[in-house]
2 protein chains.
Amino acid sequence: MKNKEAYHHGNLQKALLYEGLKTLGQKGEDGLSLRELAKRCGVSVAAPYAHFKNKDEFIYALQDEVMRKLVEKLEITRTKYCEEKSILIEMGMSYVLYFVENPHHFSLLFSKSEHVQAVLWQEDSGKNPAFDELRKAAEPILSHFGVPQVAQHNILLAMWALVHGLAAIVCLHDIASRLREDPEALHSLRNILTVFSGPEPQ
Amino acid sequence: MKNKEAYHHGNLQKALLYEGLKTLGQKGEDGLSLRELAKRCGVSVAAPYAHFKNKDEFIYALQDEVMRKLVEKLEITRTKYCEEKSILIEMGMSYVLYFVENPHHFSLLFSKSEHVQAVLWQEDSGKNPAFDELRKAAEPILSHFGVPQVAQHNILLAMWALVHGLAAIVCLHDIASRLREDPEALHSLRNILTVFSGPEPQ
């Protein structure tokens, strides 16, 4: 990504997001500065403003990028374990492991976005595509076991809050690195998700 | 708390913690400065160091204070709903509502502490007294329904992760204030916790 010419031909936006995610991993959200990112991309400090009105707009674009990556991972898992009994455990693991690999993405994704509000108050389900992936995996199972519609929604929210809680936990200081290095620790995490192994038939 | 004399008679430590929690609610964790708190308490900037070696030590003391308040709330709920079927829902609500009332306490409590590690790796259960309260409420119920020991531990961790996840969510921008003002929103939250209404007999 050192080719200055390439940015002049329409890739600067992509390059800024790429450098933004890299900086986030190294320095956290406070380390994000459009001026600094412009320097890293080898362009003038004014250049980013051709693509992003201000830093907030850049952060929103970065959130979209993170959400896209998370959803991609969840979608792969959903397709792979489709019709398997363990699909809900695998979906939960995928959600949590995304943040084990990218602990800085958690606060970025949820700090200024409407992703949580969308799910909690059901105001616009399309606003949280990660939740929608969990829903797509869980609904056929819950329906199969005859769980009524209203209960389904509460169970879905509970599942989401659980993996969201685990994600919040794994992003804390030193926990993600231990999970990356210690298979035993990862195993404990997986055990927690066995509560997802399926509801009893009604 | 304006009586300078009182601090000279051993209350400065308490006064600093009191002002610390107040500042946290107004300005967040970044607004905490021992120099500023000393000023608020009407003592010299050096005075706090008679009680706290440095800011980190002050933060740890503040975490203990927050944990004490949270546990107190959970203990009251546990005693009140002891032997009631809804005890797990009520315990979950108490945990979450503590952070609805005190959204700034969440990141303070979990940012630099070992409370999460203690629970996740079972390294020292005594280190997270809030989890211990949830455990004390849930164990008799899980045992009553014949849930085996290992499964009990995983269910407990899942319950804790769920309320922890909800707490993380309610501390996000604007969500706590909506929950404080909108009974309907609070009702949705309670519904999520109905997944706690008790396991099926084995």
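The values are calculated or read from the model by the stated rules, or taken from the named source; none is laboratory data. Note that the coordinates shown come from a computational prediction; the quantities given were computed from them, not determined experimentally. Every residue, glycine among them, receives a Cβ derived from its backbone with ideal geometry; neighbour counts consider all protein chains shown. The accessibility values were calculated without ligands, DNA or RNA, using every heavy atom of the protein model including side chains. Shrake-Rupley method; radii C 1.70, N 1.55, O 1.52, S 1.80 Å.
With respect to residue A:183, determine if the residue is open to solvent by 20 Å² or more (accessible area, probe 1.4 Å), modelled with pLDDT of 90 or more and more than 8 Å from every other protein chain (Cβ to nearest Cβ).
On the way: open to solvent by 20 Å² or more (accessible area, probe 1.4 Å): yes; modelled with pLDDT of 90 or more: no; more than 8 Å from every other protein chain (Cβ to nearest Cβ): yes.
In short, no.
Scan segment A:50-67 residue by residue and report those that are part of a helix (DSSP H, G or I) and free of Cβ contacts under 8 Å to residues at least 12 places away in the same chain. Residues satisfying the conditions are A:57, A:64.
Which one of these does residue A:127 not meet: (1) closer than 20 Å to residue B:178 by Cβ; (2) touching a helix residue (DSSP H, G or I) at 6+ places or on another chain (Cβ under 6 Å); (3) facing chain B (nearest Cβ under 9 Å); (4) modelled with pLDDT under 90? Condition not satisfied by residue A:127: (3). Just give me the residues in segment B:67-89 being surrounded by 20 or more Cβ atoms within 10 Å (Cβ to Cβ) and modelled with pLDDT under 95, in sequence order. Those that are surrounded by 20 or more Cβ atoms within 10 Å (Cβ to Cβ) and modelled with pLDDT under 95: B:87, B:88, B:89.
Looking across A:178, A:78, one residue alone is more than 9 Å from chain B (Cβ to nearest Cβ) and not polar (S, T, N, Q). It is A:78. If the requirement is being open to solvent by 30 Å² or more (accessible area, probe 1.4 Å), within 11 Å of chain A (Cβ to nearest Cβ) and not acidic (Asp, Glu), which of these qualifies: B:116, B:170, B:163, B:150? None of the others qualify; the one that does is B:150.
So in segment A:82-102, with the set limited to residues that are within 10 Å of the chain's Cα centre (by Cα) and of a type outside the set (A, V, I, L, M, F, W, C), which one is nearest to residue A:158 (Cα to Cα)? Quick ask: steps written out before the conclusion?
Filtering segment A:82-102 down to residues within 10 Å of the chain's Cα centre (by Cα) leaves A:94-99, A:102.
Still in the list and also of a type outside the set (A, V, I, L, M, F, W, C): A:94-95, A:98, A:102.
Numbers: A:94: 17, A:95: 14, A:98: 19, A:102: 23 Å.
Among them, the one singled out is A:95.
Give me the residue from segment B:30-46 that is part of a helix (DSSP H, G or I) and open to solvent by 40 Å² or more (accessible area, probe 1.4 Å) and, out of that set, farthest from residue B:18 (Cα to Cα). I'd like the intermediate steps shown before the answer.
Quick first cut of segment B:30-46, residues part of a helix (DSSP H, G or I) only: B:30-31, B:34-41.
Those left that are additionally open to solvent by 40 Å² or more (accessible area, probe 1.4 Å): B:30, B:35-36, B:39-40.
Numbers: B:30: 17, B:35: 15, B:36: 13, B:39: 13, B:40: 11 Å.
Ranking the candidates gives B:30 first.
Condition check: in contact (Cβ under 8 Å) with a residue 40 or more places away in the chain and basic (Lys, Arg). Does residue B:180 satisfy that? Spelling it out, residue B:180 is indeed in contact (Cβ under 8 Å) with a residue 40 or more places away in the chain and basic (Lys, Arg).
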